[in-house]
Amino acid sequence: MDREMTTGQQVNGEPYMLPRLPGQQLRLTNLDKVFWPEGLTKFDLVEYYVDMAPGILPYLRERPLVLKRYPDGITGEAFYQKECPAYAPEWVATLPVYHTDSDKTINYVLCNNEATLAWLANQGYIEVHAWLSRAGRLEYPDIVVMDLDPADGTTLVDVLEIALLVNRALKELHLTGYPKNSGARGLHIFIPLYPRWTFREVTAAMGYLAHLIVQVYPRKATTEHLIHRRRGKVYLDYLQNVQGRSMTFPYSLRPLPGAPVSAPLTWEEVAAKKIYPGDFNIIRRRLEEWGDLYRELLECPNDLTPLLELAI
């Protein structure tokens, strides 16, 4: 981002006009407000997302966002906000989506440029949650996810072992999955798709895969929906692929101590089983050194047919 906005600048709660956003006037306020107990401020939040915009925006473009606002940082009250606020600048793109279950139309924010990303951060939106489909083909996801959620009594090693089993199964089905740290104790595996299958179909396919893993490793894997029955196991949450649900996307900050990031990983890192969430916070240097480990996800969609034929 423009170096006029540096960490050492004296903001003292005064409005700051963010440079380098041609055509969009964005007024940043309360930049010295502490957002993480370690002392990271709203300034750090905005700076992170503007710096990381080139890496984040390709994944978010044209996807409806589900927003959770933390106006007073992670220790304050937080609330979800699917509808784009009425006070949003006119240059913030939105997408109206009609929901039959509630008989309502929600105007979702589309984060298609750096200015919108900076505006979201200035509003206190720490996490970036997006749909798995894009505008124009909302019923056909171009990403499917296996969300590995550790229950009480499990360790990070358990999660990584299950992830390796999922990867082995994907390879046998000629599918490529891309792992990332959830930013907490879990792990996500993103699988890019051609947007030609419905959410119902991809949920069925991922459900089949999840149950297959449970059959192979029932001692540590589960698809049990009731939380109290998951103890000691890793929950394979394939239901994250239902239409209208959202996932934490690559490079999103998380509202947890230390400002962890949901960071793309290599399968070699997963196999080494030495991944710690605290190692992935404000990860600009990792991106500079390693490059974007998820870039192929945008370029190499999978054919879900082999898995879907087994599932249906």
Per residue accessible area of the chain, 1.4 Å probe, in Å²: 45 Å²
Quick one: pull the percent of accessible area on the chain belonging to carbon and sulfur, 1.4 Å probe, ligands and nucleic acids left out. 50 percent
Under the 0.36 nm per residue contour assumption, what length would be gained going from the current alpha-carbon distance of residue 286 and residue 29 to full extension? 89.6 nm
Kirkwood calc, the range 158-296, C-alpha pairs only, radius in angstrom 16.0 Å
Evaluate the distance, in nm, between pseudo-label points positioned 7 Å from the Cα of residue 104 and of residue 83 along their respective Cα→Cβ axes. 0.7 nm
If you project the alpha carbons of the chain onto the principal axes, what extent comes out on each, in Å, largest first? 58, 42, 37
The longest stretch of the chain containing none of the GluC sites (Glu not before Pro) that sit in a DSSP loop with at most 12 other Cβ atoms within 10 Å is 140-312
Using just the helices of the chain, give the 222 nm mean residue ellipticity in deg cm²/dmol: DSSP H runs with n ≥ 4 each add -39,500 (n - 2.57), and the total is spread over all residues, rounded to 500. -8500 deg cm²/dmol
In order over the range 142-153: 3J(HN,Hα) from phi, Karplus 6.51/-1.76/1.60, θ = phi - 60°, whole Hz, x for each Gly or Pro, gives 9, 9, 10, 10, 10, 9, 9, 10, x, 7, 4, x
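Mind giving me the FRET efficiency for residue 184 and residue 135? R0 is 25 Å, r the Cβ-Cβ distance, nearest 0.05 is fine.
0.30
Count the lysine pairs in the chain that are 8 or more places apart or on different chains: how many have C-alpha atoms under 14 angstrom apart?
Values: 33/42; 68/82; 82/104; 180/273; 180/274; 220/233.
Step by step, the pairs that qualify in the chain add up to 6.
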Looking at the range 112-199, what % of the alpha carbon pairs are farther apart than 17 Å? 61 percent
Round to the nearest 10 and give me the degree value, 0 to 90, for the angle of helix 156-172's Cα axis relative to the longest principal axis of the chain. 70 degrees
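The values are calculated or read from the model by the stated rules, or taken from the named source; none is laboratory data. Owing to the predicted nature of the structure, the values given are computational and were not obtained by experimental measurement. Cβ coordinates were reconstructed from backbone atoms using ideal geometry, including for glycine residues, and neighbour counts include every protein chain displayed. Surface accessibility is based on the protein's heavy atoms, side chains included, excluding ligands, DNA and RNA. Shrake-Rupley method; radii C 1.70, N 1.55, O 1.52, S 1.80 Å.
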